[in-house]
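First the structure, in the form of structure tokens, and then the observations on it.
The values are calculated or read from the model by the stated rules, or taken from the named source; none is laboratory data. Being a predicted model, the structure only gives us computed values, none of them experimental. Methodologically, a virtual Cβ is constructed for each residue, glycine included, from the backbone with ideal geometry; neighbour enumeration extends over all protein chains shown. SASA here: full protein model, heavy atoms, side chains in, ligands and nucleic acids out. Shrake-Rupley method; radii C 1.70, N 1.55, O 1.52, S 1.80 Å.
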Amino acid sequence: MENWSVDQVCNWLRQRNLGELVPKFREEEVSGAALLALNDRMVQQLVKKIGHQAVLMDLINKYQQQKSGLESLTYCCKTASPEFPEVISGATDRQMLNSSGPVEQKKYLCSTENEEGLIDHRVLKQKKNLKSFFARYKTLQWTSSYALPDFPYDVKCILAEKKCPDHSMRIRIIEFLQADMTKYLEGSLYPNSQQYNVVVNALLQAYPFLDEDGNGFLLWKRALKDRFKYVRRPIEDDEQVLRNKCKFGHRRGQTRKSSFAENKPDDVQVQVEEEPVHLEGSAMDVHIKWLKEEYMKTQRNWKEVDNRMNVTIEIRRKMISNKAPLKDILRLFPFLRCPYQLFREFQLLTHMDIYKKTVEILEIYSENILSLYVVRNNPINIMLQENLKRHTEEDILKYMKTTAACLLLPDVFGDDSSLFAAVNEEVKVVTPVLEVKNPFNVNSCEFALYVGREELAQLDDCTMALAALVAAFHVFDIPCPKRIHRTLNFLESLVFEVRSP
């Protein structure tokens with residue numbers, strides 16, 4: 001490419017579907033050498049459209065990377081061939097001895113007899129160079145076939161309706177793109193410019209309406225780069241960091257002890273060491289220990305609980321994404337058993353107040369649900385009608401109707417009600433489900449949330465119970481059973497304000 005003429009550069013642009021740039025490149029007499037010398041400022045002056053700028057810089061970067069890789073590979077092969085002709089020609093040991101002098105024969109025999117299996121250090125060096133080249137080439141290859149991640153339900157609904165997302169939804173999209181990109185960044189902490197360009201191009205090609213007035217590319221790229229810059233991913237397990245630690249005397253797996261751990265008795269230190277591997281770090285241990293102790297108190301410092309739950313959210317989400325047992329998660333973070341913290345965790349993940357939304361849902365739809373023909377002969381509705389005759393207080397009547405509407409939701413959508421709530425029965429399913437006892441008795445009614453056939457939280461009323469059920473699926477990343485998905489889809493569409501159900 002360095003030797004190309006202006007005409008060859010123009011032909012290359014046409015082959016890459018950049019024919020619109022040919023007149024400007026001819027006018028500025030951009031040859032092959034000038035093309036490779038272009039920087040960002042020059043490209044902005046030459047090319048008006050941002051999409052063409054990104055594609056052009058991407059093509060130039062790819063060419064330069066491939067060229068540097070081929071040069072290093074050629075150099076390795078050239079340096080290897082004169083020193084090790086047996087690799088190229090397949091010469092045997094006898095041929096090597098016959099073709100060499102007496103001194104070289106003696107050296108060769110000594111090396112084969114006394115150091116059998118030992119490889120010359122130059123071979124190791126060349127192998128290392130080849131290995132690093134192929135590793136670098138592999139990390140650059142993922143962008144050519146990059147596919148967008150599978151976005152969560154609420155993001156999918158917004159994108160499917162081709163609505164321009166608000167600020168909070170933009171942040172969620174950027175979060176998932178960052179998490180997906182980090183899977184490919186082995187040996188590196190941050191993406192390069194080419195990888196940013198390819199990811200943003202993939203996003204705008206899949207969802208063109210995100211490109212606002214032709215300026216969306218720069219906005220999304222800047223947001224993604226800022227996410228990597230200011231919200232850094234954990235690097236404790238990065239291979240590059242571990243190599244540097246070993247180089248400067250830090251043993252693999254060693255953690256720094258805090259003064260808190262050193263001043264405690266031996267039994268406490270043993271307890272800290274028994275925590276899972278992903279909880280390494282004295283600061284995290286201190287937060288988790290404090291949360292455990294505070295949970296056992298009757299008077300709790302809720303402000304400090306919120307702060308420490310905020311600090312530990314990443315380690316908690318990592319455990320949940322790695323499918324850690326729920327018992328282990330609740331043992332380390334027992335406040336997730338409290339409905340308040342369960343709702344707060346849901347809000348941190350989705351930026352939605354689940355309890356407030358659930359109150360609105362039941363207030364709007366309760367009367368409509370109870371008037372449907374499909375629930376007229378349902379046992380819960382019959383039980384409701386019998387209890388309504390015994391009371392006249394307006395608050396009690398409203399409470400009963402709201403409770404009945406909540407419990408009748410699966411029957412409205414033709415779902416399996418046993419996967420939604422066990423009314424005066426024993427819980428038999430492992431997915432999140434409600435246990436309800438005496439639902440229409442104001443004095444003795446009980447609501448509880450079960451996950452994995454074990455009680456997770458006691459709840460005050462049906463509104464809190466319904467909110468906790470929806471939150472549990474999201475917070476603990478539990479797949480929704482098919483026999484209840486219509487009911488949960490209805491609730492989620494209202495909670496996330498996706499569309500009119």
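Worth pointing out:
- Selection from the range 16-61 of residues that are more than 21 Å from Q195 (Cβ to Cβ), open to solvent by 30 Å² or more (accessible area, probe 1.4 Å) and of a type in the set (G, A, S): G19, S31, A33, A34, A37
- Scope the range 422-445; condition surrounded by 20 or more Cβ atoms within 10 Å (Cβ to Cβ) and out of contact with any Phe, Trp or Tyr (no Cβ under 9 Å at 6 or more places or on another chain); matching residues: none
- Total residues in the range 467-488, condition under 18 Å from L349 (Cβ atoms) and in a helix (DSSP H, G or I): 10
- All helices (runs of 4 or more DSSP H) inside the range 1-68 with 1 or more residues being out of contact with any helix residue (DSSP H, G or I) (no Cβ under 8 Å at 6 or more places or on another chain), among the acidic types (D, E) and over 20 Å from G216 (Cα atoms): 6-15, 22-27
- For beta carbons closer than 8 Å, sequence separation of 6+ or different chains, a first residue in the range 141-169 that is within 16 Å of A202 (Cα to Cα) and a second that is open to solvent by 40 Å² or more (accessible area, probe 1.4 Å) and at pLDDT below 75, the qualifying pairs are W142/Y184.
- Screening A448 on (1) part of a strand (DSSP E or B); (2) open to solvent by 30 Å² or more (accessible area, probe 1.4 Å) shows it passes everything except condition (2).
- Looking across L349, L397, L342, one residue alone is in contact with a His (Cβ under 7 Å, 6 or more places away or on another chain) and not assigned by the TED database to the domain that holds E455. It is L349.
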